[in-house]
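This report concerns only the one structure given below.
Please treat every number below as a calculation from the coordinates, not as lab data. Please read all numbers here as calculations on a predicted model, not as lab measurements. No Cβ is skipped: glycine too gets one built from the backbone with ideal geometry, and neighbour counts run over all protein chains shown.
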Amino acid sequence: MEVINTIGRRKTSVARIYMKPGKGEITVNNRSIESYFPFDLHQIVVKQPLTLVNEGEAYDIKINVDGGGIKGQAEAARMAISRALCEINEEHRPALKKEGFLTRDPRMVERKKPGRRKARRRFQFSKR
């Protein structure tokens, strides 16, 4: 098996991954997953697809993430890993689809409009 390359997105975060057979090492932006995602919940989110299909220690994964916040980056990486697992073995698809790991979450912050304080909030009206 050669290197599998997939992309995942969440809000404004983009994660590109390179997955190949190995010992289960995950690096994020050339750092270990523990140093890049110090909060355990984000590490669990990234590893969810691998634990769901019992492939936890089978692949080495190199992740490049950009944009957004830490949670969006973790969920973008989860989507990319899910897509790579489906590319390797199509039988994983129903389980990953059921958990919602293959669904793109398009919610982003709405842009600020001119003449407004925020995206929709108007300036306070003063009668006098």
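Remarks
- Estimated FRET transfer efficiency when R0 is 41 angstrom, pair residue 126-residue 18 (beta carbons, to 0.05): 0.10
- Relative to its residue count, region 26-89 spans a Cα convex hull of 79 Å³ per residue.
- DSSP bridge analysis restricted to the chain gives an antiparallel fraction near 80%, rounded to the nearest 5.
- Table column - 3J(HN,Hα) (Hz), region 100-109, Karplus curve with 6.51, -1.76, 1.60, x for Gly and Pro: x, 6, 9, 8, 6, 9, x, 5, 10, 5
- Average 1/r across all pairs of distinct alpha carbons in region 68-114, invert it, and you get the Kirkwood radius: 12.1 Å.
- For the chain, the longest principal axis of the Cα atoms and the long axis of helix 40-52 meet at an angle of about 50 degrees.
- Distant-in-sequence amide H partners of residue 59 (H built 1.01 Å from N, under 5 Å): 22, 24
- Restriction of the chymotrypsin sites (Phe, Trp or Tyr not before Pro) in region 1-83 to DSSP coil positions whose beta-carbon has at most 12 other beta-carbons within 10 angstrom yields 39.
- Highest-fluctuation residue, 19, 108, 79 considered, GNM on the chain with Cα pairs under 10 Å: 108
- Which of 59, 119, 77, positive extreme of dipole for region 58-128 (C-beta unit charges): 119
- For region 75-128, chymotrypsin sites (Phe, Trp or Tyr not before Pro) are listed when DSSP marks them as loop and at most 10 other Cβ atoms sit within 10 Å of their Cβ; the list is 123, 125.
- Residue among 35, 13, 82 with the largest mean-square fluctuation in a Gaussian network model of the chain, springs linking Cα atoms under 10 Å: 35
- For the options 93, 111, 83, a Gaussian network treatment of the chain with springs between C-alpha atoms closer than 10 Å singles out 111 as fluctuating the most.
- You can think of it this way: the chain between residue 116 and residue 44 has 21.9 nm of extra reach, that is 0.36 nm per residue less the Cα-Cα gap.
- Quarter of the Cα convex hull surface for the chain, i.e. its orientation-mean projected area (nm²): 10.4 nm²
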